[in-house]
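The values are calculated or read from the model by the stated rules, or taken from the named source; none is laboratory data. For clarity, every value in this text was computed on a predicted model and none was experimentally measured. So basically every Cβ, Gly included, is an ideal-geometry build from the backbone, and we count neighbours across all protein chains shown.
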Amino acid sequence: MAGGDKSVSEGEISQSELNTSPNLPNMICPHCGHKSRIRSSAQITPTYRDIYYLCQNIVCGFSWKASLTLVHGISPSACPRPDLDLPMYEVPKPALPAPKPEDRQHHFEI
Ligand SMILES: [Zn+2]
């Protein structure tokens with residue numbers, strides 16, 4: 001442990017983790033339409049992250065909090081966490097064609 005950092009065990013997420021990663025999504029200021037900057041973010045749960053933005057237009061100065069939420073998995077993990085119950089995307093099944101009138105008659109001819 002160096003610099004007073006709290007150690008976090010593998011798989012555990014620090015509640016106070018701050019991240020100004022450029023990999024987080026950019027947002028346009030909803031008021032003036034200028035670019036914004038991420039001031040900080042915090043991983044709250046394995047599937048939820050708070051992100052704090054600041055508008056870069058010095059005249060506007062709006063700041064806001066947004067959230068990043070995992071909606072569903074697309075491909076299963078090769079190392080899944082047993083305590084994580086995530087919905088998986090399901091390919092929509094094609095709609096069945098409507099039965100023809102002559103098909104309906106066969107069901108009632110018994
Ligand atoms: Zn703005």
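In the stretch 28-40, which residues are of a type in the set (Ser, Thr, Tyr) and either within 16 Å of the ligand (Cβ to nearest atom) or in contact (Cβ under 8 Å) with a residue 24 or more places away in the chain (or both)?
If we filter the stretch 28-40 for residues that are of a type in the set (Ser, Thr, Tyr), which is where we start, we get 36, 40.
Selection gives SER36 alone.
Could you say which residue among TYR52, TYR48 is aromatic (Phe, Trp, Tyr), within 16 Å of the ligand (Cβ to nearest atom), at pLDDT 90 or above and surrounded by 11 or more Cβ atoms within 10 Å (Cβ to Cβ)? Steps first, answer last, please.
Details: TYR48 fails: within 16 Å of the ligand (Cβ to nearest atom).
Only one candidate passes the filter, namely TYR52.
Annotation note: Cβ proximity below 8 Å between a residue of the stretch 42-58 that is under 14 Å from ILE28 (Cα atoms) and a residue that is more than 16 Å from the ligand (Cβ to nearest atom) and of a type outside the set (Gly, Ala, Ser) (sequence gap 6+ or interchain) occurs for ILE51/LEU24; ILE51/PRO25; ILE51/LEU68.
Reported count of residues in the stretch 46-69, each being under 19 Å from ASN23 (Cβ atoms) and either polar (S, T, N, Q) or in contact with a helix residue (DSSP H, G or I) (Cβ under 9 Å, 6 or more places away or on another chain) (or both), is 4. Condition first: of a type in the set (Asp, Glu) and at pLDDT 95 or above. Can you find one or more residues in the stretch 2-25 that meet it? For the stretch 2-25, residues of a type in the set (Asp, Glu) and at pLDDT 95 or above: absent. Residue check: is ALA95 modelled with pLDDT of 95 or more, assigned to a loop (DSSP other than H, G, I, E, B) and exposed (fewer than 10 other Cβ atoms within 10 Å of the Cβ)? No: the conditions fail for ALA95.
Flag: ILE74 does not match the condition of being β-branched (Val, Ile, Thr), away from the ligand (no atom under 16 Å from the Cβ) and surrounded by 13 or more Cβ atoms within 10 Å (Cβ to Cβ).
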